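Any read-out appearing in this document is the output of simple, stated calculations on the displayed coordinates, not a laboratory observation. Given the structure is predicted, the values throughout are model-derived calculations rather than measurements. So basically every Cβ, Gly included, is an ideal-geometry build from the backbone, and we count neighbours across all protein chains shown.
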Amino acid sequence: MKSQDIRSQFLSFFEDKKHSIVPSAPMVLKDDPTLMFVNSGMAPFKEYFLGNAQPKNNRIADTQKCLRVSGKHNDLEEVGYDTYHHTLFEMLGNWSFGDYFKKEAIAWAWELLTEVYGIDKDILYVTVFEGSEEDKLPMDTEAYDLWKQFITEDRILKGNKKDNFWEMGDQGPCGPCSEIHVDIRSAEEKAKISGKELVNKDHPQVVEIWNLVFMQYNRKANGSLESLPDKHIDTGMGFERLCMVLQGVQSNYDTDVFTPIIREIETITHKKYGNPDASGEKVDVAIRVISDHVRAVAFSIADGQLPSNTGAGYVIRRILRRAVRYGFTFLDKKEPFIYRLVDVLSDKMGSAFPELKAQKQLVENVIKEEEQSFLRTLDQGLVLLNRIVEETKGTTISGEKAFELYDTYGFPIDLTALILSEKGLNLDEKGFNEELQKQKNRSRAASEMSTEDWTILVDDKEEEFVGYDRLEAKVKLTRYRKVVSKKDGEMYQMVFNLTPFYPEGGGQVGDKGYLEDSHGDVVYILDTKKENNVIIHFAKNLPKHINESFQAVVDAKQRYRTECNHTATHLLHQALREILGTHVEQKGSAVHSKNLRFDFSHFSKLTNEELQDVENFVNARIAGKLPLEEMRNVPKEEAIAEGAMSLFGEKYGDTVRAIRFGKSIELCGGTHVKNTSDIWHFKIISEGAVAAGIRRIEAITNDAVKDFYAENNRLYLEMKELLNNAQEPVKALQSLQEENTSLKKQIEALLKDKAKNIIGELKNELQDINGIQFLAKKLDLDASGIKDVCFDLGSNADNLFLLFATESEGKALLTCYISKELVASKGLNAGQVVRELGKYIQGGGGGQPFFATAGGKNPSGINEALEAAKAYLI
Ligand code: ATP
Ligand code: MG
């Protein structure tokens with residue numbers, strides 16, 4: 001059975017059981033601070049499990065893109081070495097939110113696997129929770145008794161808390177689970193040892209395929225459990241593992257999910273997958289790593305998460321680099337090639353995940369550029385490593401040096417180890433690991449945080465947002481909690497029955513403002529964010545009278561400026577599509593009160609004319625006084641038919657809010673000016689590249705533009721004054737520049753002359769020491785003058801040893817020249833001389849054996865350095 005059919009059969013099975021089928025959510029969650037990536041099918045539904053929102057249908061099924069590369073679930077290091085863990089994988093799941101429970105979940109799982117997919121029940125095992133003394137929980141006999149109806153008792157195994165009790169995080173909904181395992185070994189293998197012994201023992205052919213979680217408890221901050229009022233079902237089945245079983249193969253990589261990618265890698269690299277000889281093993285691992293990682297990286301980019309230097313983007317960059325490294329080391333690929341796999345990938349997966357097909361070109365470009373830049377890093381790293389090797393006495397490279405190479409230059413440690421072992425050297429792995437641990441401890445300490453349970457004042461889960469219409473409202477606090485973190489110290493998070501505060505989202509910053517009670521006590525709201533569908537207000541302290549009503553007041557000035565920037569962002573988006581073309585797609589935006597930032601797909605730098613056109617286009621719409629037309633709660637299809645674009649990587653409900661200004665129409669939850677004329681003026685401040693094929697524009701509006709022009713004018717006047725109030729300041733500046741250039745030339749010529757004169761004098765100063773012509777002296781010349789002197793003197797002699805020093809702007813420079821003949825006959829080395837004498841001037845340097853320089857920050861050490869030079873001749 002083809003993988004595509006396996007996927008669609010799953011979905012239609014649950015559709016028949018009255019489930020709504022929903023598309024996979026994007027992999028990067030926007031309003032869940034505890035998760036960097038979706039790592040299980042339930043993550044996008046957390047708001048339902050927490051009771052913060054109600055689904056339209058309390059039965060849902062889908063296939064969810066999951067990424068397990070960070071945090072609690074991190075399989076990255078396994079990937080490639082085993083045959084059934086991936087970074088990105090699809091999790092097929094069915095959910096009940098307070099609807100059906102164990103009975104149906106178990107019966108349907110069994111029906112689907114054995115009847116629909118026709119899996120032989122003799123290869124299946126199931127597990128149930130054995131209970132936990134620590135949590136005072138009994139064994140899950142309910143599940144046990146249900147399974148008994150379908151499977152013989154010797155195939156029902158009891159499992160501990162680690163395997164059979166599922167928790168979302170340190171706090172929150174959790175419950176016992178039942179896993180379904182398959183044993184796909186040959187009869188011969190089975191005869192040797194029973195599958196029962198191998199369940200949950202990391203055997204590659206006895207693996208878990210489906211986990212049925214019975215959410216019935218809530219874990220509180222103090223670690224205790226309470227029963228949930230509503231019980232839920234959360235199941236997750238690994239799609240690639242299911243394909244392995246149904247396609248009768250022994251590895252996920254032998255299913256049609258992976259084979260087309262693997263064939264392509266074979267074609268590109270001329271390496272064979274599945275070669276039985278010993279050298280083939282590394283090749284196989286590398287091919288598995290690359291075929292896995294290209295999926296993770298491509299899907300992330302398609303979901304709007306580009307590789308970068310921080311956060312989720314950094315994780316993606318590291319995954320891609322891992323793939324490049326395996327290609328570089330084991331497949332001899334020294335040039336970019338991973339981007340070439342995107343074609344087959346989008347061909348295979350594009351119908352189930354259209355975002356991949358739609359953005360193929362962008363994904364390819366970004367991957368290619370990332371590959372190129374990492375390959376450059378590898379090249380530089382090799383040079384640095386060689387230098388470290390040269391400088392090392394003995395056969396062991398220190399852990400500190402290797403860590404510096406890894407941490408500062410991004411050079412992978414396993415590559416360092418490999419290269420060293422090829423050279424017959426050792427790496428101090430212990431030292432390296434210590435450095436790594438130190439760094440981890442530092443970043444852990446920085447991100448440590450403790451969160452208390454919510455204190456509920458009013459049991460009211462409905463929290464109305466009134467901030468589209470009002471900036472003030474009478475509110476009541478419904479719950480609050482304290483959060484302590486290194487970064488922000490002690491903070492209170494508050495939730496109200498209703499709120500005018502806009503929570504950060506859709507690129508727009510969260511509102512600031514204050515609360516005031518009837519006694520005149522004020523609490524400042526420092527930020528507003530949405531977390532799992534709840535609007536949370538951040539403050540340094542709690543109000544004094546928490547049970548009273550407050551006047552909640554949004555900082556109107558900040559909000560207004562932010563709105564100007566948000567509306568301008570829409571107009572900018574429209575302008576770019578009109579002027580550059582409809583290939584322009586929004587790839588990110590940040591709307592603040594001070595400025596706006598807009599990232600979009602486009603392949604070349606914008607010309608000055610294009611930028612001017614864009615500015616003019618936006619300003620024309622500001623001058624056109626276009627009114628805001630807001631459509632709340634319109635069906636998504638309707639808004640799209642009107643011309644609104646949906647963005648990849650955004651999660652939309654069935655009904656959406658659409659914002660129109662003239663012909664600009666967007667799906668948007670943000671706040672806007674009532675009329676474009678409120679913006680006053682729009683000005684682009686910068687344009688540049690963020691990644692391959694992604695440009696960024698930064699712009700300002702309103703007061704910020706006024707300030708900008710005022711500041712420019714001030715600078716202009718100041719400059720004019722410096723130019724003696726010339727009538728034509730530009731011309732005056734040009735003639736100054738010309739004069740400067742010609743003066744520089746004159747100085748250079750003078751210095752050259754001076755050097756020539758000096759040479760005559762220096763020749764007379766040469767001392768003969770043991771047959772070597774020696775001179776160590778401080779000169780009043782620049783670096784290039786000294787170089788000329790050295791080579792000039794050197795051209796007529798074969799036994800020179802020169803050390804010159806010079807001082808300029810508080811820095812010292814040492815230059816050493818040794819005739820090549822001396823280098824050969826006496827084993828002298830100018831590089832070594834400057835490195836060693838560099839210590840006197842607190843600096844370092846290097847070069848070739850016959851010519852080298854060192855710079856330092858301590859000119860007062862020059863004399864000592866010059867005096868020490870003689871020692872090399874004796
Ligand atoms: P395992 O013990 O095999 O790592 P798990 O206990 O981490 O699995 P769950 O968190 O219960 O798995 O996830 C549900 C299902 O998702 C698993 O039964 C498995 O089929 C699949 N799955 C989990 N992790 C991966 C992965 N890294 N790659 C592919 N499939 C996975
Ligand atoms: Mg796991």
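Data overview
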item: ³J(HN,Hα), Karplus 6.51/-1.76/1.60, whole Hz, each residue of the range 260-268, x for Gly, Pro; result: x, 5, 5, 4, 5, 4, 4, 5, 6
item: Whole-Å distance, taken between Cα centres, linking the range 675-737 and the range 390-450; result: 46
item: Loop-located trypsin sites (Lys or Arg not before Pro) in the range 1-91, at most 10 other Cβ atoms within 10 Å (DSSP); result: LYS56
item: Gain on full stretching of the segment that runs from GLU281 to THR141 - 0.36 nm per residue minus C-alpha separation; result: 45.9 nm
item: Flagged links, alpha-carbon separation over 19 Å, of LYS778/LYS811; LYS103/LYS148; LYS46/LYS357; LYS778/LYS857; LYS46/LYS161; LYS72/LYS440; result: LYS46/LYS357; LYS46/LYS161
item: Likely footprinting exposure, VAL207, VAL116, fewest C-beta neighbours within 10 Å first; result: VAL116, VAL207
item: Among SER373, THR582, ALA830 the positive-end extreme of the charge dipole of the chain (Cβ point charges); result: ALA830
item: Between 0 and 90°, nearest 10: helix 556-579 axis offset from the chain longest Cα axis; result: 80
item: Cα long-axis angle, helix 429-447 against the chain (0 to 90 degrees, to the nearest 10); result: 60
item: Helix 311-330 axis, angle to the chain major axis (alpha carbon atoms, nearest 10°); result: 70
item: The range 808-874: trypsin sites (Lys or Arg not before Pro) in DSSP loop, at most 13 other beta carbons within 10 Å; result: LYS857
item: Under 5 Å, built H, 5+ apart or other chain: amide partners of GLY649; result: none
item: Estimated dipole of the chain in Debye, rounded to 20 [Cβ of Lys and Arg +1, of Asp and Glu -1, Cα centre]; result: 1280
item: DSSP-loop trypsin sites (Lys or Arg not before Pro) across the range 653-694, with at most 13 other Cβ within 10 angstrom; result: LYS663, LYS674
